[in-house]
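Written out below as structure tokens is the structure these notes cover.
The values are calculated or read from the model by the stated rules, or taken from the named source; none is laboratory data. For clarity, every value in this text was computed on a predicted model and none was experimentally measured. Methodologically, a virtual Cβ is constructed for each residue, glycine included, from the backbone with ideal geometry; neighbour enumeration extends over all protein chains shown. For accessibility, only protein heavy atoms count, side chains too; no ligands or nucleic acids. Shrake-Rupley method; radii C 1.70, N 1.55, O 1.52, S 1.80 Å.
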Amino acid sequence: PGTGFKITTIEASESEFYIGGVGGSIYVYEQDIDQPANLYKPATSPIKISLASLNPASNSNRTQVDATIMSMSISPGSGGTLVCGLDNNAIVQVPASNLTEEGARDFDYLVSSFHSNQITGLDVCIRKPLVVTCGKDKTVRIWNYQEKEKKQELSVSFAEEAFCVAFHPSGFHIIVGFSDKLRLMNVFSNN
């Protein structure tokens, strides 16, 4: 990406990879099929996260986000959704196809109820429209991103901080990483 840009997360898809970091910037690289080694080249110029303004008095419909991207995950297949967890506790999404085209790259908030501290892990389910997050607030949360009103489906609190989280491909289980153990959990059970 260049000198002075701090990389905080990298996510790969079938033909691109995404680099996220400080200043709400995302760099997209795509395979260069003209090169014999299938090297990657920048697909576009750096992308700044732009969100709908939450301030009704704002003169602009969109506002640039100056938050650090702490984690990213992409739903599989063509037309997937890129979901980003930011250091200001927001979770934003954008269709991945919008990132490789010039023009509209508007991100939207995934949900309106967020973690109360930094998000440390994020994953998108392969077979269901669900995102799981964990954070320094000692919670693991599951969100539905395809409902008309994007909402939190489940929140579980723990005695210690979770550092990473991942969905099983079926969407029925998650694994949560703590400082000294991994915990396999069923989704939508009574804890």
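For segment 48-70: of the residues being closer than 26 Å to Ile126 by Cβ and open to solvent by less than 10 Å² (accessible area, probe 1.4 Å), which is modelled with the lowest pLDDT?
Going through segment 48-70, the residues closer than 26 Å to Ile126 by Cβ turn out to be 49, 69-70.
Applying the additional criterion that residues be open to solvent by less than 10 Å² (accessible area, probe 1.4 Å) yields 49, 69.
Working: Ile49: 79, Ile69: 91.
Per the criteria, the residue is Ile49.
I need a count of the residues in segment 20-37 that are more than 16 Å from Asp87 (Cβ to Cβ) and part of a strand (DSSP E or B).
Number of matching residues: 5.
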